[in-house]
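Every number here is computed from the coordinates shown, using simple stated rules; none is lab data. None of the values given here were measured: they were computed from a predicted structure. Don't worry about glycine lacking a Cβ; one is built from the backbone with ideal geometry, like all the others, and counts go over all protein chains shown.
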Amino acid sequence: MSGKPINPKTRRQVMRSLALGSAMVGASLFGFFPVLRKWAPRLRPPGALPERDFLSACIKCGQCVQVCPVKAIQLGDLDEGFGVGVPYIPAREQACDFSCDAVQCVLACPTGALAHDIDKKEQVHMGLARLDRPGACLARKGEGVKGPARPAPFTGVHRYQEIDRWKPVRLATYKYDLEVCDLCVRECPIQGAITLEPMSADPADRRRTPEVHQSCTGCGMCEMICPTEPASIVVDIRRKWGDA
Amino acid sequence: MALLDSLKVMLGAAPVRPKTVTPAAQAMHEAKRQVKGTERAREIKAQHEAHKSNKWRNIRWATLIAVNLVFVLSYRFDVQLVEGALTASRVVGFHMADLNSALQVMLAYKVILINLVIGTGTVLFMWWLLGGRTFCSWVCPYHLLAEIAEKIHLMLAARRVVVDYPLHRGTRTVLYVVFALLAVISGYTVYESISPTGIVSRALIYGPGLAMIWVLGLLAYEIVFVRRMWCRYICPIGLTYGLVGAVSPVRVQYSLENCLHEGDCRKVCLVPHVLDCTKKTYAEDLFVGIGADCTRCGLCIDACPTGSLKYQIRGLDKLL
């Protein structure tokens, strides 16, 4: 090669290859922006490894999506960078209600990005619920709920043990008649994760305030069922008990 | 030696004319030189043209669509025959994992995952048996889209609307190393975020999203500027499977005897460098196995007017 003048055609080809090759690597590196800038913090399915490990261990196949009986899991899109094809749960639209018991998504995961050491819903830690808008909370105002918690066009579903544990019911068709709203407590899949506490010593005072306890798994059921718009109670993604 | 050469060519080296040729092949080359067969060649080509068939292409397209449809329908109707996407799946309960995706995950996560090892083991055996890059042309949904884009490109090129600006084939090898290093260093599966194979497979199964814009952009670029850019010069999945299928029993075999050396096969081929042996006097033997980079797509088999290119299952002919 040395000594021979380089054919201009070959040189142009090499330049083109370098340019397009770099363009491809550059395009792939765009994935860093959404991840490092935390553009879209996502509630990950039960058993998810710490975020960084989760993004690398996930093989982006969506088997967790396929097994979820309430179709709570969705896959990330291009605007999530390296989170493309990585599962998350949009809790307000469709929360995980743990009605599958054995945490199906964890069992389905082929890589352990959803860690296999979980076999009970109580062991899950996706985040923690927090009363975000105390002023809007119906229970704190002493107000009740008549009719569906989330009227149409809301499409989210929930599996009610007392109706049919295997058939999810559309929340928009399920009617409640509650003197004082206690939906976040009533539909919480974890025993004792949220309680309603009286707001004064007066027994005639119907007002109650939701209190989140350490056993909360952050599944997002309370966020989905909350009848105020937007939700009064929300899940803080990946927050642990005791975190600021 | 032939294997080493075929790997070198796959990694980007230009194919070279073999230095040693078997006496039988030498005699055949010599005999062909003596015979002036242009009239006969024209007749053969005219006949082939009259009975033109796209047999292997049709079988292949049907297979590709069927495989992807099984994924889609299995989820739609919840029959749990095949769960997941092309990156990883369970086929009637058995773990299967795409070799390149599994490699990226292990490089990024740096943990040997037992389910992935099981999954890749099955898939490794399957694609070794069926011939590595067979995955590309018989399964990958992007391949089909790219074939359609290629048809448009060739149509426009024939009318001189567009021109193909080929890249150096070594680009894919360099990018392969770069993406592997990026996964190791960053700890993220960097390549997966732009992989059209994963994006299209998930779009088919779970519904399309913004990521399809990237794929459509790639296809548009291939139509206007670089014929089959992704599959030829970029895709690390192709190289992974190429390595797997380098010594596979299923391959395309070239037979020197009746070949007219007019290069119709090379014109339709995604990876024409593997068909270098079909050039006049280039075959080192009466029969030559086509190299590792071949996707076993069968376009050359359909295109060959003399039946000189055929699928072959190595070992089977000896058994029978």
Pick out the long, greasy-scoring helices in chain B: whole DSSP H runs spanning 30 Å or more along their own axis by Cα, mean Kyte-Doolittle at least 0.0. B:55-76
In degrees, nearest 10, range 0 to 90: what is the angle between the Cα axis of helix A:8-29 and the longest Cα principal axis of chain A? 10
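Work out which trypsin sites (Lys or Arg not before Pro) in chain A are exposed loop sites (DSSP not H, G, I, E or B, at most 15 other Cβ within 10 Å) and give the longest gap free of them.
A:72-119
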Starting from the exponent 0.38 and prefactor 2.2 Å, build the expected Rg for the range B:109-223 from its residue count and divide its actual Cα Rg by it. 1.27
Under a plain spin-label model, where a point goes 7 Å from the Cα along Cα-to-Cβ, how far apart in nm are B:Lys55 and B:Ala220? 4.1
Say the dipole of chain B comes from +1 at the beta carbon of Lys and Arg and -1 at that of Asp and Glu; which of B:Cys294, B:Tyr254, B:Trp138 then lies farthest toward its positive end? B:Tyr254
Kirkwood estimate for the range B:21-97, i.e. one over the average of 1/r between Cα atoms, Å: 17.2
Going down the list B:Lys32/B:Lys52; B:Lys36/B:Lys318; A:Lys120/A:Lys240, which pairs span over 24 Å between their C-alpha atoms? B:Lys32/B:Lys52; B:Lys36/B:Lys318
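Would you mind computing the Rg to Rh ratio of chain B from its alpha-carbon coordinates, Kirkwood style for Rh?
Using only Cα positions, Rg/Rh for chain B is 0.98.
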With viscosity set to 1.567 mPa s and temperature to 4 °C, compute the Stokes-Einstein D of the protein assembly as shown, Rh being the Kirkwood radius across alpha carbon pairs; µm²/s, no decimals. 48
Can you tell me the alpha carbon radius of gyration of chain A divided by the globular rule-of-thumb value 2.2 N^0.38 Å? 1.33
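Counting other Cβ atoms within 10 Å, which chymotrypsin sites (Phe, Trp or Tyr not before Pro) in the range B:10-88 have at most 14 and lie in a DSSP loop?
Counting only loop positions with at most 14 other Cβ atoms within 10 Å, the chymotrypsin sites (Phe, Trp or Tyr not before Pro) in the range B:10-88 are B:Phe77.
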With a cap of 16 neighbouring Cβ atoms within 10 Å, and only residues DSSP puts in a loop, list the trypsin sites (Lys or Arg not before Pro) found in the range B:1-64. B:Lys19, B:Lys36, B:Lys52
GluC sites (Glu not before Pro) within the range A:158-242: DSSP coil, no more than 11 neighbouring Cβ in 10 Å: A:Glu162, A:Glu179
With N residues in the range A:127-237, what two-decimal value do you get for its Cα radius of gyration over 2.2 N^0.38 Å? 1.04
Highest-fluctuation residue, A:Gln74, A:Gln104, A:Gln191 considered, GNM on chain A with Cα pairs under 10 Å: A:Gln191
Under a plain spin-label model, where a point goes 7 Å from the Cα along Cα-to-Cβ, how far apart in nm are A:Asp132 and A:Met199? 2.0
Given the pairs A:Lys9/B:Lys279; A:Lys38/A:Lys167; B:Lys279/B:Lys310, which are separated by over 27 angstrom at their Cα positions? A:Lys38/A:Lys167
